[in-house]
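Have a look at the structure below before the remarks.
The values are calculated or read from the model by the stated rules, or taken from the named source; none is laboratory data. Predicted model, so just to flag it, every value in this text is computed and none were measured. Cβ sites come from the backbone with ideal geometry, for glycine too, and all protein chains shown count toward neighbours. These accessible areas exclude ligands, DNA and RNA; they are computed on the full protein's heavy atoms, side chains included. Shrake-Rupley method; radii C 1.70, N 1.55, O 1.52, S 1.80 Å.
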Amino acid sequence: MNEITEYRGISDLVYAEVTKDNNETGSGEGYVTGTVKSLAGVAELSRTTESSSEPHYYDNIPAIVINSTGADEVTINTSAIPFDVLADITGQKYDSTKGAFIEGERTPKYFALGYKTKKTNGDEVYVWRLKGQFSIPDSTHATEDDGTDANGQEITYTGISTTHKFTNNNNKGAKALNVDLGKDLADVSTFFNTVTTPDTLQGKTKYDLAITSASGTTVTVTRNGQTVTAGTGKLSAGDVITVTCTGGTMTLNGSPFTSGQTHTVAANVTIASTAQG
């Protein structure tokens, strides 16, 4: 049975303009985005997807079902959005020389939206929603009193599929990329440096861990407080492991290694212990 978890927590809300979205080839073509920027503090995010299913009848029975999936509506409760960011995501004017946000006619643009969420077991999920537009956010302003009430803002992001077809999505457009870090399979070290797509997401390089313990010795390898056992696919590039040995001495990849030291994985790890004489 799969572990039962819920989502609890959201952070690091970012965005980037989608500057190109087509199926052309060549420099500057395809799916292209601008610089990743911070949007605002985020308190809550919810998503609903327009969808419908309708049976079609033949010979007096429902013979087939036609399914349709529409846009995503992502509602985000944020802190007060800075004026320059608000102007950027809504296609309005910000005068940086005067610190003035000018509300008026919009120049619509598309954006990618990124954030981190987390499960109740502690596993993080990284998300890039790949194409959508932001609404004009709602805001409430109330008189100050002797309480602690304050108001953030609510903004809606309407997400759609990309025109660009991704090889790693069966040559179809995509709405979003969700990566479960608990699986320890994807390299997310640069996930939010740029907009990561189904085609640019890279898998982690996996390395073997081999342990040979002499009689009377015990070798233990831990990663993030959890014991790692020998076998294929147990370690990833960049993992920091702690190696301890009781009852003897040990070598790591052929070199003497002091018990209790840490090691950053960059190749297969072979540990051999020698009993004390």
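Scan the range 1-55 for residues that are open to solvent by 50 Å² or more (accessible area, probe 1.4 Å), under 30 Å from Asn151 (Cα atoms) and of a type outside the set (S, T, N, Q) and the total you get is 10.
Are any residues in the range 160-173 in a strand (DSSP E or B) and of a type in the set (D, E, K, R), and if so, which ones?
Listed by number, the list holds a single entry, Lys172.
The strands (runs of 3 or more DSSP E) located wholly in the range 1-105 that include 1 or more residues which are under 18 Å from Val127 (Cβ atoms) and in contact (Cβ under 8 Å) with a residue 60 or more places away in the chain occupy 7-21, 31-33, 42-58, 61-78.
Please indicate, with yes or no, whether at least one residue in the range 118-126 is in contact with a strand residue (DSSP E or B) (Cβ under 7 Å, 6 or more places away or on another chain), open to solvent by 50 Å² or more (accessible area, probe 1.4 Å), closer than 19 Å to Val42 by Cα and among the basic types (Lys, Arg). Yes, because at least one residue in the range 118-126 is in contact with a strand residue (DSSP E or B) (Cβ under 7 Å, 6 or more places away or on another chain), open to solvent by 50 Å² or more (accessible area, probe 1.4 Å), closer than 19 Å to Val42 by Cα and among the basic types (Lys, Arg). The single residue among Gly233, Gly238, Gly159 that is touching a strand residue (DSSP E or B) at 6+ places or on another chain (Cβ under 8 Å) and over 30 Å from Ala272 (Cβ atoms) turns out to be Gly159. Open to solvent by 60 Å² or more (accessible area, probe 1.4 Å), at pLDDT below 95 and either among the β-branched types (Val, Ile, Thr) or over 27 Å from Tyr7 (Cβ atoms) (or both): does that describe Glu154? It is false that Glu154 is open to solvent by 60 Å² or more (accessible area, probe 1.4 Å), at pLDDT below 95 and either among the β-branched types (Val, Ile, Thr) or over 27 Å from Tyr7 (Cβ atoms) (or both). Consider the range 168-193 and keep the residues that are farther than 22 Å from Asp72 by Cα and among the β-branched types (Val, Ile, Thr). The one that is nearest to the chain's Cα centre (by Cα) is Val188. Filtering the range 91-116 to residues that are at pLDDT 95 or above, within 30 Å of Leu177 (Cα to Cα) and among the hydroxyl-bearing types (Ser, Thr, Tyr) leaves Tyr110, Tyr115. One residue alone among Ala71, Ala63 is hydrophobic (A, V, I, L, M, F, W, C) and either over 24 Å from the mean Cα position of the chain (by Cα) or open to solvent by 80 Å² or more (accessible area, probe 1.4 Å) (or both), and that residue is Ala63. Could you say whether any residue in the range 95-113 is of a type in the set (Asp, Glu) and open to solvent by less than 50 Å² (accessible area, probe 1.4 Å)? Yes, the range 95-113 has at least one match.
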